[in-house]
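Quick notes on the structure that follows.
Rule-based calculations on the coordinates, nothing more; no lab input. This structure is a prediction, so every number in the text was calculated from the model and none was measured. Heads up, the Cβs are rebuilt from the backbone with ideal geometry, glycines too, and the neighbour counts pull from every protein chain shown.
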Amino acid sequence: MAATTTVPSAGPVAGSRSFLRRLREGDEIARLITFLFAASVVLVTLLLIFELWQGSALARHKFGLQFFFTRVWDPIAEQFGALPFIYGTVITATVALVIAVPLGIGAAIFLAELAPARLSDTLEFFIDLLAAVPSVIYGLLGFLAVVPLMRDYVQPGLKNTLGFLPLFTGPAYGVGFLTAGIILAIMVIPYIISVSREVLMSVPRDQREAALGLGSTRWESTWKVVVPFARTGIMGSIFLALARALGETMAVTMVIGNAPTISASLFSPGDSIASVIANQFTEATGDLYLQALVELGLVLFLLTFLLNGFARLLIVITAQRGGETAHP
Amino acid sequence: MSPRLRWRKLVSGFMLTMTGVCALVAVSVLFLILGYLVYNGGRSINWNFFTKLPTPVGETGGGMANAIVGSAKLLLLASLLGVPIGFLGAIYLAEFSGSKVAFVVRYAADLLNGVPSIVIGIFAYSLVVLPFKHFSTLAGGFALGLMMIPVTLRSTEQFLLAVPRALREAAMALGASKWKTIATVIVPAAYRGILTAVLLAFARVAGETAPLLFTAMGNRYWSPGWKQPTASLPVMIFTYAVSPYEDWHRQAWAAGLVLLGLVLVINIVARAVLARGIAVPRA
């Protein structure tokens with residue numbers, strides 16, 4: 001709204017013409033300069049897409065769509081297939097969401113519905129700080145503290161109790177899909193909590209009051225009325241978290257084990273798209289090798305682009321619905 | 001009370017308690033991380049860490065002085081690139097632009113914000129490293145600067161738009177030109193918010209590692225110039241943590257503590273800068 005407040009020139013009130021013109025010229029200069037800076041953001045974004053597209057031309061032409069269905073990643077024979085990395089990315093993100101979604105939504109419900117405003121704000125402050133912890137710190141803790149813990153206790157324990165599932169078989173290395181998924185879960189929980197909390201808080205008050213007035217318990221009003229009302233926005237927060245999980249690099253690189261494997265076992269070491277780029281980019285010899293890695297970057301970019309766009313759409317839709325009902 | 005009602009109340013109480021447990025678990029992770037780093041990093045940190053260069057492989061001792069200076073240089077470059085573009089771009093969006101241009105710029109900024117950091121690294125590599133044929137501090141600063149732009153831009157714009165209309169109109173009624181209104185009324189009115197936005201963007205890139213891996217690379221010595229590769233704290237943490245040496249692990253903990261302390265302190269300061277009761281817009 002304020003973006004459209006163009007002033008109808010300085011006004012014909014006082015001063016000579018040249019004075020007015022100088023004023024207007026000052027405005028025009030300021031407008032031009034700030035425009036250049038704003039335009040550079042668009043330019044840089046377009047350039048980024050162009051470079052990824054251009055930088056992977058060789059690999060795209062050579063492998064075509066087969067790139068996504070080939071299991072072999074052999075730099076020496078110059079055979080490059082993305083399937084193991086796509087698999088690793090999907091598996092780790094799935095593990096992360098399975099853990100993070102219930103925990104995150106539960107915590108968001110507590111913050112939005114139960115906690116007094118002061119406690120809710122304090123906890124939200126800590127959650128924001130948690131979101132600010134750098135990825136490499138999670139990697140450091142993951143590699144030096146969580147990996148030994150997984151190897152010595154968690155994975156043997158899972159094998160003894162749930163070992164009949166193909167998910168929990170094979171030797172316990174400590175590193176692997178499961179560990180990466182758990183670290184990712186911790187990293188994306190803050191995003192789910194923050195966004196879901198806001199969405200839940202935007203649910204109009206009458207919805208809760210109506211449910212309580214009809215005799216439902218506090219939990220029933222929350223779970224059967226408030227949460228369904230905010231469902232679209234909560235989905236949005238999950239997609240946002242998914243986009244983060246797919247693009248997350250350092251922490252995953254440090255705990256996933258770095259091997260291009262496809263295995264049903266979550267204990268198996270693997271690789272994600274981001275981790276293979278981080279590990280091999282500087283070592284890539286030959287144009288085709290480098291371009292195959294850039295193509296992986298392009299895939300990652302497109303994935304997060306689509307997910308982010310979708311997530312934002314869902315959140316906006318919920319916010320509007322809440323607004324409409326509140327002011328009919 | 002009928003058994004049915006008693007059961008429903010029981011379920012309600014149980015589930016509500018569980019949501020509290022979820023919140024407790026999420027928040028306690030922060031303190032777990034903090035405690036673990038303070039414990040391990042606190043034992044490892046010493047004066048040498050800040051003043052000495054890394055020792056050759058196999059020798060114990062040494063420090064990360066070059067990485068600390070390297071990180072400072074990278075962040076300076078990043079701020080020089082990210083803050084002007086974010087700040088002036090936001091002024092254009094909030095004060096000058098029509099809705100169509102604003103939509104395109106916002107869309108581009110949001111898109112840039114969602115790009116995984118490793119992809120930003122690839123971009124900086126092909127744009128800065130390849131033409132100069134050299135890993136360099138410049139390339140690393142460029143990558144981090146790019147990541148600062150969208151955060152600075154979008155939050156600054158929100159704070160500028162939050163300045164009451166009456167202030168603008170009052171300034172203009174006094175005969176001030178548009179840019180004078182912006183420079184002397186609107187920006188000063190929003191300066192706390194803008195400072196917060198810049199600090200948060202700074203804190204975000206201070207811990208970034210992935211975009212530095214193949215731009216600034218690493219260096220075991222002082223970086224001789226802006227066009228040479230440089231060590232940085234996040235990359236040092238990465239290489240030291242995954243190394244097989246006990247002493248390097250010790251130093252990785254120390255570096256982790258320094259980095260996390262820096263990031264958290266900036267975050268807390270940024271939030272304290274804002275007057276109480278004003279929400280920080282999320283990036």
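Annotations
- Lysine pair count for chain B [Cα-Cα under 22 Å; pairs on different chains or 8 or more apart]: 5
- The residue among A:Ile105, A:Ser120, A:Ala145 whose Cα reaches farthest toward the positive pole of the charge dipole of region A:101-226, with charges on the beta-carbon of Lys, Arg, Asp and Glu, is A:Ala145.
- Three-way shape call for chain B based on the alpha-carbon gyration tensor, with the a/c threshold at 1.5: oblate
- At R0 = 56 Å, FRET efficiency that the Cβ-Cβ distance of B:Trp222 and A:Arg205 yields, to 0.05: 0.35
- Each Lys and Arg contributes +1 and each Asp and Glu -1, all at the Cβ; summed about the Cα centre of the protein assembly as shown, the dipole is approximately 1440 debye.
- Between the beta carbons of A:Lys62 and A:Ala39, assuming R0 = 41 Å, the FRET efficiency works out to 0.70 to the nearest 0.05.
- The stretch between B:Tyr245 and B:Tyr191 holds 14.7 nm of extra length on full extension. This uses 0.36 nm per residue minus the Cα-Cα distance.
- Per-residue mean of foreign Cβ neighbours for B:92-105 is 5 (Cβ atoms of other chains, 10 Å radius).
- Mean separation of Cα pairs under 8 Å and 6 or more residues apart, divided by the residue count, gives region A:38-152 a relative contact order of 10 percent.
- When only Cα pairs below 8 angstrom with a gap of at least 6 residues are kept, region A:39-94 shows a relative contact order of 21 percent.
- Across A:Ile317, A:Ile86, A:Ile76, mean-square fluctuation computed from a Gaussian network of chain A (C-alpha pairs under 10 Å connected) peaks at A:Ile76.
- Note on B:123-136: average number of Cβ atoms from other chains within 10 Å of each residue's Cβ is 3.
- Dimensionless Rg over Rh [the protein assembly as shown; C-alpha; Kirkwood]: 1.00
- Note on chain A: with charges restricted to the Cβ of Lys and Arg (+1) and Asp and Glu (-1), its dipole about the Cα centre is near 640 debye.
- When each of the peptides A:232-239, B:231-238 is scored by the mean number of other C-beta atoms lying within 10 Å of its residues, the order from highest to lowest reads B:231-238, A:232-239.
- Placing pseudo-labels 7 Å out from each Cα toward the beta carbon at B:Leu76 and A:Ala77 gives an inter-label distance of 5.1 nm.
- For A:Lys159, no lysines have a Cα closer than 24 Å to its Cα, not counting residues fewer than 8 places off in the same chain.
- Unit charges on C-beta of K, R, D, E only; dipole of region B:63-170, Debye: 100 debye
- Kyte-Doolittle at least -1.0, axis length at least 20 Å by Cα - qualifying DSSP helices, chain B: B:3-44, B:65-91, B:99-114, B:137-161, B:191-206, B:246-273
- Percent RCO, i.e. relative contact order, over chain B, from Cα pairs under 8 Å lying at least 6 residues apart: 25 percent
- Residue list for region A:197-234, given a label point 7 angstrom along the Cα-to-Cβ vector of B:Met18 and an amide N cut-off under 18 Å: A:217-228
- Span from the region B:122-173 Cα centroid across to the region B:188-246 one, whole angstrom: 17 Å
- The modelled label-to-label distance between A:Asn160 and A:Thr282, using points 7 Å beyond Cα along the C-beta direction, is 4.2 nm.
- Taking every residue in B:9-20 and counting other chain Cβ atoms within 10 Å of its Cβ, the average works out to 6.
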